[in-house]
Structure formats: structure tokens, C-alpha cells
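S.K.: Below you will find the structure I want to go over with you.
The values are calculated or read from the model by the stated rules, or taken from the named source; none is laboratory data. The structure displayed is predicted, hence computed values, not measured ones. Here the Cβ positions follow ideal geometry from the backbone for every residue, glycine too, while neighbour counts run over all protein chains shown.
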Amino acid sequence: MQLLERVHLVQFFLFEAQTLELSPTSAIIAPNGAGKSALLDALQIVLLGGDRSRIRFNAQAGGSARARSIRDYCLGTWRSGEEGRKRRTATTYISLVFRDQDSGLPLTAGIALGASADEPDHRVYGQYIVPGVALSLEDHLERANGRELPLAWAGFKELLAKRCREAGSGPGPELHAGSERFLKDLLLRLRAAPAGQPDVNAYRKAFQNALNLQRVEDVDLFVRTLVAEDRPTDIARFHALLETFRQLKDKVEQVVARIAAAEGVDAQYEKIAQQATRAASCRALAAEFARDLLSEQVEQAEAACEAATRQLADTRRALGEASSEQAAIEDAHGQAQARLQGSAGYGEQAQIDELAGRDRGELARLKRELTRSVGMVREQWQAAARLELPALDAAALAQAQAAWQRWYDALAALPVDAELPWQPAALFAEAQQALAAAQPLIAAVDGHARALHAGVDEAQGRLAAARQNQKRLAAGKAELHPDVVRLMHYLQDEGIAARPVCDLVRVRDPAWQGAIEAYLRGNVEALLIPAADEERAVKLYRALSGGRSVYGVKLALSSAARRGSEDPRPGSVAALLEGDNAEALAFLRRTLGELRCVDSEAELVASRQSLTRDGLLAKGGSIERRRLPAADELKIGASDNRARLRVLREDIDAAERELRELEPALRRADACQRGLAPLADPEPLAQALHDVALEHRQVLRRYRDAQEGREAAQNPDLLRASEQLRELAEQLAACRSRRDGLLGRVALDEGAETAAQRLLDGLRGQEELVARRAVEAFRDADVDPNRVERLREEMDGKWPTLKERGDRCEERARDSDRQLDNLKPEAWGTLSQYAKDHGLALELAPADWRAARRLLARELAQLRESELANYQRQADEAYATATETFRSNVASALYDNFSKLKYQIGTLNRTLRASPAFSNNERYQFHYEVAPEYRELHRFIQRVADVGGEDGLFGSAGEVPAAFRELIEDNAAQRGAASALDDYRRFFRFEVQIRQDDKVIGSLSERMRSGSGGEHRAPLYVIAGAALAAAYGKSAAHPGGLGLILLDEFGDKIDAQNARATVDYLRSLGLQLVLAAPDTAQGTLSGVLDSYIELFRDGDLLQAERIEVGEAARALLLSDQFDLHPELLAEEAARIAAGKAEV
């Protein structure tokens, strides 16, 4: 132990030159005001390096830095005024002489000061450490003119060097101008452990608090800061990472705030866009309603036009019949008149017979023509029945056959000169009706013919593809899909040389071919089109329809393959392809993209895009397994597949057999389809039948009139002839009247048809304009098709007519326009403010809201996808790094500190248990427990220690506790406060437990709140001693080194037992005690002291006398202590009992 043996004071306070000798336990005893605290302050000045910012003179009495100064001590100021100052100038020395109790080596440390009454402050000449030298008081003095005066600083330094040389203790004294370095060197030279590194700050704090126990208010804080050793956690990097994270977090918050502001502006423009969408959608729907209304009007006009046309046709047919009938009646009337007048022309029999024979032959021709037409229709239905199509309605077919068979039978049985069983108009109507009813039958036959054509085309395609693939396999090439072959033939027929890309490339490593083709799929058979023929090829491909349609075949465009073609990266799947055709190679490599070749599952999971040779594909954050094609299904490169040649020959035979079966049926269907083609339009055939029947009626009447004329010529009857002539004249007049009426009706019907056609043409002329308007309305970028459909449903449910619906849409569009115009100024103002706040240039017109939305879209995309993502990524990385640093460095250091604290507190408590009991048989124990707010974090750190560093601290120890996250994500206001990560002691709540017989009866905190000062004074000394011992670096293994503790007013409010227990405890910690106590406490303290210094003062005269307490004196002083001599207590009790008995 480094024991402070002597203190030399030169011109300090009221001492001119004084040496004070100290023991392991010394006391300075004097009445109040005699100078006890001045001696403690002298020790303070040296032991705190003369740093007046840290020295609290007369501290226990509540002094402050301003109550007394170093200058006052130098000048010996003992009261105010000139008379209260002992000297006007001073050269002050305070030297402390220490000696190592083991080695006996001395060391002197001190300070040289200067002061003048004419100067406001003191001067520090220097601080010194003189190893190996025990300075004497005379070393500080010189004699001048018979007086002892302090040695000048320059001379004193020379003396120090001389003493060092004499002692052989090295190059010389250590001189310091600053307090910090002086204290570090002093504590280092007087340290307890050879490898120890004393903490100057902890020493200062513990040293000062031991002098100022009167001000202790918080036991937890006092124990934490003084007893628990201050072992800072090395978290500089961690804090730097935290700061980086916080800065990035601030940036993220700024970007988020900016995004929120931009979104607010965008929301206003979104309202404008919604109104624009509403207006555009309403206008588009109004235009659609207008088109629908026009279409409805066109349909009505078309129906009216068709009705007018039919009416005109009916009137014209009736006019034709009336004209024919009039001509016949006129002819009969002329013949009758000639017979009545005896005309020679009618008298010649040969002429009459000739006319009758001619009309009879005409009747026969007309009958044959009518029979042939009806028979032709009958035969077509019979041919359709022979097809035996399931799609044909048997009942409808039977009905069609029966009608035409009935007409055919009636014509076949009719004599040549017999009248037809139908009027021409009736025949027209019945034929038209029958043909209209049979239209589904015609459609079914057409469908059957088309299906057969498609089947034949498909079979021919398969046959051509099989033959082509047969040639390809024979040539050593891969087989192609039939659709690919068909499209290739179509292209070749147009002179376009299309080639499959699989013929033009190779795979370097056959082991990868299956996986590559499984990934490429249809791209393997893509047809490479020369750049000059690309548009023609696309046009042909697009035009293929019906049985020639081809789907799913890809065209590889040479021009596109050439653009951006680069050599693939080594290790990529694309690098496995090779070939002589650059376009085909570039096409497939571009399809493969950045796909990497990997083998292991770990590589597959870690890569962004990769492929294994067994077909596992990693892409877009997912894993997919592709089915590998069989060996005979591989397309790329040449192959020799004889088995497929046999299969292809079988396919060719099957296709040829199918064609032989389909072609006869197709010929029958085509013949039936051609026969039924004239029946597809009922009007011409029914009109033809009508015309023949009308002509037959005219010829028959003429024939019969001729017959009657011949009979009348053979047997003339004038009366009968006159009657016939009159009837014919009446018939002729009626016929002419009817014909004239029909002529008028024809004119009217023609006018009606012309008007209807004119209206139709006018409406059709508007169709293109209205349709174009509707298309243009829907092309508006603001139109929302879904909104249009919802609006249509609403309008259809509310308004019955298209006109009303269109008008309501136009009204809503105008209303939206007004709202849009009202929203623009406010939105522009918000955007302008945003641009001003964030330095955004606005190069657009205030009314151009679309440009504003595009600007905001770019701004938000930049903020979200670039800045926010970048800052968020950096923040995540900083957070992860800080987390890992916490796991691997901070947490392990904290755990070490926890362990050391446990050991330290345990050692102190063992010392307290071994020390004598205090008053009332009380003992004190340091107690600590984890603060509730840090329990989770503390448990986590304990788990970290259990896991160890090798295992990855977080992976096994668990997730980061919320307390750690709060420390990372705290706000700016909390950042200045110390955290538990900086100071491990903040994890705990500290207390001093008061025990009796190993039972806790209370705590120091409770006693300080409710008890007197004396009850808690001893525990405070316990705390202060433990703190200072820890600051000195003392331990059970190293109890030596400096151990000086200064306690002022020690005897105040403390009894002898507590005083003895306190002193024994502090001595057991390896401490040297220097106590200051009033003279009233001398009896209490004498039994525990090795020596004491009594001070006597009279004005500016101060005398010090040292008294050593020997063993005999100490034993005498302790002889009446009941706790040490329990027999005394027993004797006293017996005496009292005897006295009571006598009474």
C-alpha cells in the first residue's frame, strides 16, 4: 500500500512551514473554525491537481468553489479586511510524501503556487512528482537575513533534480503544467495493480463525493456513479452507425414527407382528372347513344324502305297482271267485234287453227318450264335428304320436300290446255314462304360443306407436314410441328424463304440441350424471316383464316435479332448456343436473356435468373420445374431418328386414307351446296315462278278465246255475239279503270319508295360522321371504359329513350367541365407552393393540368423508386450493420461488465460481512437489480453470452429486443440523454440493504427519508469507501497502491460502534483514512485511530500537535464498549437486578 506519511505545508493558510505526519488512520481534531477543513483542502489541492473547477473547499460544511479560494489559502486569509490576511505575497508549497509499505520506496508529489494581494488570482508554478525521494520540510525553505523563506520555484526545481540524482531514481523529477497529466501520472505511479489503468474521472468523482456525503439524496445514483466501476462500452462505431442510420432515417422521413406533399398535390389534380374522366366518359357515351339512335333510325328507315320496295313490287305485279288481262280482253273484244261485223279475217278457218296451235304449243312450253323449275327445287331437297346430316331438321326437310313434291305432282297431272291450280300472286307468296322456311336447311348444308372442306384442308396439311418432316428426318433435321410446316409452306408459296431457327443453331454441351429447349419451348421452332420480307410475312400470317388459319407459331424477325446483339457472358445459358446464322443465334440468345447456368440449390436460390440442367428455373423470385423433352423430341441440331420415320410413314398413310374418305363426301356436299345456292334468296325464284304462271294465264286465255272464235265462226249467233261483245266491253272498261288506278298507285309507291330511300341515304350519310365522332370521343385519353359501362347501365335503367339518355350525358359532361374549371386554380396554387418548397421548376401553363399530372407522376416515381428506395436500402444496411455490431461487440462487452459488477459487489459484500457489525447489530449489503425497462434487453445480452460469438449472436440468441430498437429509433430529443448501451450501470437499480441476523429490515433510501442523519451516515461512508477503492483499482488480488480517503465531519452524528465498524470496513478495503472531526467527537474516535492531530488557533496563530494512540491507550478506550465486552453488559444487568431486589 502507498501510505501518505507526511504533508509539508509552506505558506499555506496560517502555517508558514509545517509538517504533518499521518498514520493508516489519522484524524484532525479541532473546534469548528480552527482549520480542520483547511488541512483537508490542502490535500484536495494536490490530489485534484490544483484544478479549481473541480475543488470544493470546506465541502462537507456546504462550501462551494466561491466560499474560499486557493489565493485565500496562499495569502493566509482568515477573516475579511487587510488585518484578516497573514501575508501579502506568498510562495506556497504543498508536498505529500508517500511510501510503499512493501518495498519501502518513497515518492513525493506536490504543487507550487504563488499569490499576491495585488493580484486577483493565484499562480501555479508547477506540479511535481519526485519518485524515490522523500522530501523534507527543509527542502522547501532557504534562509535569508536570518529568516526562513520559501525556496524560489527555480531553485526548488534544481533541488528536486539534485535529490533525484542522489536517490538514483531516474533522469529527474516529473514536472507538469497541467492538472490532467499530473493526475494521470500520479495515479499510474501509485496504482494498485501493475497492469492497471486508473480512470481519472472515476477517481475525481469518488474522491469529491467522499468529502461531500452531506449532499447525498439519491442512493441509487450515488451507488451507481461511485461504487459500480465506470467501464465505458466501446460503442463509438456503433454510435456512428446509429447516427448514420438516424440521418438516413431522417432523409427517409423527409422523402416520405415530400411524397405525402406531392401526393396531396396529386390528389387535387386527381380530382381534376376524375372530372375530366367523367366529362369525357359522358361525352363518349352521349356520342355512343347518338350513334345508337342513328342506327335505330337507319334500321327503321331500312325497314320502311324495304316495305316501300315490297309494296311497289306488289303494285307493279298487280299492274302487270292488270295490263296482261287488259291486253287479253282487248284482243278478245276485237275478235268478237270482227265476228259480229262479219270480218273476213275471222272467217277463215285456217288462220284460226294456226293461232290456236301456236298458243297450245306455248302453253306446253310454259308448263314444262314451270314443272322443271319446281322439279329442280324438289331434287335439291332430295339431294339434301340423301346427305343424311344430323344437323338437318328432319321435319323441316320433310315439309320442304312435301310442298314442292305436291306442286310437281299437280303440274305433272295437268293437261296442256288446263288452267294452273294457282293464281300467279298466290304462287309467288307460297313459293317465297316455302323457300324462307327452308333457309335453316340451306345453312346446315353450307356448314356441312365447310366442315368437310376444313377436314380435307386439315388432312392435306397433316399429309404435307408429314411428308415435309419425312424429308427433314431423312435429311438429318428435326421434326417440326404441323402448324409450323403449314405456315412455312404458305410463306414459301409467296416466295418468302422462312427457315426454322432450330436448323441454324447448335448446343455446345448436349447435357444442357433438354433444359434449354424446355425453357425456349415454341421459340425453338420459330421461323426466321429475312429482313426484306418481314412485312409481307406478317401480312400473310395475319390474313390466314378459316381452314388455313395458323396459331401459335412464332416469326423470328431478322431485323430485330440484329439490334442490340451482344456476346453472352461466360457462365450464361446463352453462351451454350453456337451456330453459323447470326440472326437465329441472336434471336435465341436474346430469348434466354441473362439466365445463368447453376447446379446447386443454394446457387439457384441466391441467383436472380438461373437454370439447372435438370430443368429447375429461378426467375422473378420463384422456382419452377420445366419438363424436359424426350430425346426424340429435341429440335436443335441434326438427329437420326428412324423410329420417327416409321411413325411419319404411318401418319402419311392415315392422312391419305382420311382424304380418300372425305373427298367423295365433299363432292356430294359441294354439289348439294351448289344446287341449293339459288334457293338462298327466295325472291328471284318466286318471281320467276310468278312470271311464268302469269304468262301461262295470258296464253291460256288467248288460246281459249281462239277456240271460242272458231266455234262461233262455225255456228254464228248474232244475239249471243252482241251479248259477248257488250260483256267484253264492260270487262275492258273495268280492267282499264283498275289499270289506271294501279298506275296511280305505282306512282305513289314509287314516290314513297324514293322518299324512303332518300331518308335512308340521308341517315346513312350521317352514319359515318356520327360513327367517327363516337370513335373520336372514345379515343379521348380521359375516357374510362368501365365508367362508361356503369353509366350506360344507369342511363338504361332511368331513361326510356336514347335521345333522353344522350341529353342527360351531355348535361353531366357540361357539369363536370364547370367543376374542372373551378378546381384548376386551387390545384395550381398548391403545386406552385410545392415547387417553391422543394425547388421544382414549373415549365408549364397553369391550365395544363395534364402536364402537371405528368410532372407529379415523374416526381413521385423519382421519390418512391429512386430516392426513397435508395435511402431505405442504405438505412436498412446501416440498421443491419449496427445490429450486428451490437451483437458481436457491444452486447459481449456489456455482459463482461455485468459479470465484473457481480464480482465487485460480491467482493464488497463479503468484506462487509467480515467486518464488525454496526449499531443495533446492523450490517449493510450492496444490492442491485435489473431496471424494469431494461429487463428484456438484459436477458437478451445474457442469451448472447450463452450462445457465444461463433454461432452468430442474433441467429441463436433471438430477435433484437424492443429496447434496442427504441435506442436505435429514438427521436432527436432523446439523443442527448445517456443510454444503457453507453453505461452498463444504467441497466440496474442500486440500493444499500440494512440487515439484522441475515434478514433485510430496510434500505438506506427508506432510512434517509424517515430517519435522523446519524442513522444513514455509516452506510454513506460504506458507499463512499467502496467507490473510492474501486476508483483506485483495488481488489482482493491487488489491495495495495494509493488508498487515501478524506472524510470531513466524521464524528458528527455517529456513535462509537458505527465509527469502529466503518473504520474497520474502510481499512479492509485497503484505504488510508484522514478524518476531520470536531473536538466533541474525540472520545468517539480515539479508540479507532492510530494518531490524531489537534489544532489550536488564536487569531492568525495556528498550532498543530500530533498525538499517537498506542495499543494500551486504544485498549483502554475500548474497554467500556458493550459490543466488544458483552460481560460488562451482563454485569450491569446483574447490578440493576440486585438493586431492584434490595428495594
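S.K.: Return the total of residues in region 417-439 being touching a helix residue (DSSP H, G or I) at 6+ places or on another chain (Cβ under 7 Å) and surrounded by 15 or more Cβ atoms within 10 Å (Cβ to Cβ).
M.R.: Qualifying residue count, region 417-439: 12.
S.K.: Going by what's in this entry, would Ala688 be described as of a type in the set (Gly, Ala, Ser), surrounded by 12 or more Cβ atoms within 10 Å (Cβ to Cβ), touching a Ser or Thr at 6+ places or on another chain (Cβ under 9 Å) and outside the structural domain of Ala498 (by TED's automatic domain parsing)? Please lay out each step first, then the result.
M.R.: Working: of a type in the set (Gly, Ala, Ser): yes; surrounded by 12 or more Cβ atoms within 10 Å (Cβ to Cβ): yes; touching a Ser or Thr at 6+ places or on another chain (Cβ under 9 Å): yes; outside the structural domain of Ala498 (by TED's automatic domain parsing): yes.
Yes, satisfied.
S.K.: Now, a different point. Mind listing whichever residues of region 31-61 are small (Gly, Ala, Ser) and modelled with pLDDT under 90? Spell out how you get there, then give the answer.
M.R.: Taking region 31-61 first, the residues small (Gly, Ala, Ser) are 33-35, 37-38, 42, 49-50, 53, 59, 61.
The answer is Gly33, Ala34, Gly35, Ser37, Ser53, Ala59, Ala61.
S.K.: Related question: Please go through region 108-153 and give me each residue that is in a loop (DSSP other than H, G, I, E, B) and either within 18 Å of Ala42 (Cβ to Cβ) or of a type in the set (A, V, I, L, M, F, W, C) (or both), ordered by number.
M.R.: In the first step, residues of region 108-153 are kept if they are in a loop (DSSP other than H, G, I, E, B); the result is 117-122, 132-136, 145-146, 151-152.
Within region 108-153, Ala117, His122, Val133, Ala134, Leu135, Ser136, Leu151, Ala152 meet the criteria.
S.K.: Check Glu517, Glu494 and return the single one that is surrounded by fewer than 17 Cβ atoms within 10 Å (Cβ to Cβ), of a type outside the set (Ser, Thr, Tyr) and either under 16 Å from Leu628 (Cβ atoms) or out of contact with any strand residue (DSSP E or B) (no Cβ under 9 Å at 6 or more places or on another chain) (or both). Can you show your working first?
M.R.: Details: Glu517 fails: surrounded by fewer than 17 Cβ atoms within 10 Å (Cβ to Cβ).
It is Glu494.
S.K.: Something else about it: Quick one: which residue in Gly50, Gly33 is assigned to a loop (DSSP other than H, G, I, E, B), touching a residue at least 24 places away in the same chain (Cβ under 8 Å) and over 30 Å from Pro1039 (Cα atoms)? Reasoning before the result, please.
M.R.: Working: Gly50 fails: over 30 Å from Pro1039 (Cα atoms).
None of the other options fit; the residue is Gly33.
S.K.: Quick check on region 7-21. Is at least one of its residues surrounded by fewer than 23 Cβ atoms within 10 Å (Cβ to Cβ) and free of Cβ contacts under 8 Å to residues at least 60 places away in the same chain?
M.R.: Looking for residues that are surrounded by fewer than 23 Cβ atoms within 10 Å (Cβ to Cβ) and free of Cβ contacts under 8 Å to residues at least 60 places away in the same chain, one finds none in region 7-21, hence no.
S.K.: Within region 175-192, track down each residue that is within 25 Å of Gly1070 (Cβ to Cβ) and outside any helix (DSSP H, G or I).
M.R.: Leu190, Arg191, Ala192
S.K.: In contact with a helix residue (DSSP H, G or I) (Cβ under 8 Å, 6 or more places away or on another chain), in the same structural domain as Leu628 (by TED's automatic domain parsing) and in contact (Cβ under 8 Å) with a residue 12 or more places away in the chain, is that true of His481?
M.R.: Numbers: in contact with a helix residue (DSSP H, G or I) (Cβ under 8 Å, 6 or more places away or on another chain): yes; in the same structural domain as Leu628 (by TED's automatic domain parsing): yes; in contact (Cβ under 8 Å) with a residue 12 or more places away in the chain: yes.
Spelling it out, His481 is indeed in contact with a helix residue (DSSP H, G or I) (Cβ under 8 Å, 6 or more places away or on another chain), in the same structural domain as Leu628 (by TED's automatic domain parsing) and in contact (Cβ under 8 Å) with a residue 12 or more places away in the chain.
S.K.: Check region 221-228 and report whether any residue there is in contact with a Gly (Cβ under 7 Å, 6 or more places away or on another chain), surrounded by fewer than 17 Cβ atoms within 10 Å (Cβ to Cβ) and either modelled with pLDDT under 80 or not small (Gly, Ala, Ser) (or both). First the steps, then the outcome.
M.R.: Within region 221-228, the subset in contact with a Gly (Cβ under 7 Å, 6 or more places away or on another chain) is none.
Taking every residue of region 221-228 in turn, none turns out to be in contact with a Gly (Cβ under 7 Å, 6 or more places away or on another chain), surrounded by fewer than 17 Cβ atoms within 10 Å (Cβ to Cβ) and either modelled with pLDDT under 80 or not small (Gly, Ala, Ser) (or both).
S.K.: Now for a separate question. State which residue pairs qualify: first residue on the phi < 0 side of the Ramachandran plot and surrounded by 21 or more Cβ atoms within 10 Å (Cβ to Cβ) and inside region 113-138, second residue of a type in the set (Ser, Thr, Tyr) and not in a strand (DSSP E or B) in any location, beta carbons under 7 Å apart, and separation of 6 or more residues or different chains.
M.R.: Hits for this filter: Val133/Ser169.
S.K.: One residue is enough: does region 275-282 have a residue meeting the conditions touching a Cys at 6+ places or on another chain (Cβ under 9 Å) and modelled with pLDDT of 90 or more? If you could, list the steps in order and put the result at the bottom.
M.R.: Just the residues of region 275-282 that are touching a Cys at 6+ places or on another chain (Cβ under 9 Å), to begin with: 281-282.
Filter once more, keeping what is modelled with pLDDT of 90 or more: 281-282.
Yes: region 275-282 contains one or more residues that are touching a Cys at 6+ places or on another chain (Cβ under 9 Å) and modelled with pLDDT of 90 or more.
S.K.: Pairs please, first residue from region 140-161 and not assigned by TED's automatic domain parsing to the domain that holds Arg6 and surrounded by 18 or more Cβ atoms within 10 Å (Cβ to Cβ), second anywhere and at pLDDT 95 or above and of a type in the set (Asp, Glu), Cβ atoms under 8 Å, 6+ apart in sequence or on different chains.
M.R.: Correct list of pairs: empty, since none qualify.
S.K.: Any residue at all in region 604-623 that's small (Gly, Ala, Ser), in a strand (DSSP E or B) and touching a Lys or Arg at 6+ places or on another chain (Cβ under 6 Å)?
M.R.: Our first condition is that a residue be small (Gly, Ala, Ser); within region 604-623, this holds for 606-607, 610, 615, 618, 620-622.
Still in the running and in a strand (DSSP E or B): 610, 618, 622.
Then keep just the ones that are touching a Lys or Arg at 6+ places or on another chain (Cβ under 6 Å); that gives 610.
Scanning region 604-623 turns up at least one residue that is small (Gly, Ala, Ser), in a strand (DSSP E or B) and touching a Lys or Arg at 6+ places or on another chain (Cβ under 6 Å).
S.K.: Return yes or no: is Arg521 touching a Gly at 6+ places or on another chain (Cβ under 8 Å), in a helix (DSSP H, G or I) and of a type in the set (D, E, K, R)?
M.R.: On the way: touching a Gly at 6+ places or on another chain (Cβ under 8 Å): no; in a helix (DSSP H, G or I): yes; of a type in the set (D, E, K, R): yes.
No; evaluated as a whole, the condition is false for this residue.
S.K.: Would it be correct to say that Glu811 is at pLDDT 90 or above, of a type in the set (D, E, K, R) and closer than 22 Å to Ile272 by Cβ? Working first, answer last.
M.R.: Working: at pLDDT 90 or above: yes; of a type in the set (D, E, K, R): yes; closer than 22 Å to Ile272 by Cβ: yes.
For Glu811, the condition - at pLDDT 90 or above, of a type in the set (D, E, K, R) and closer than 22 Å to Ile272 by Cβ - is met.
S.K.: Have a look at Gly495, Gly547 and point out the one that is part of a loop (DSSP other than H, G, I, E, B) and more than 15 Å from Lys635 (Cα to Cα).
M.R.: On the way: Gly547 fails: part of a loop (DSSP other than H, G, I, E, B).
Only one candidate passes the filter, namely Gly495.
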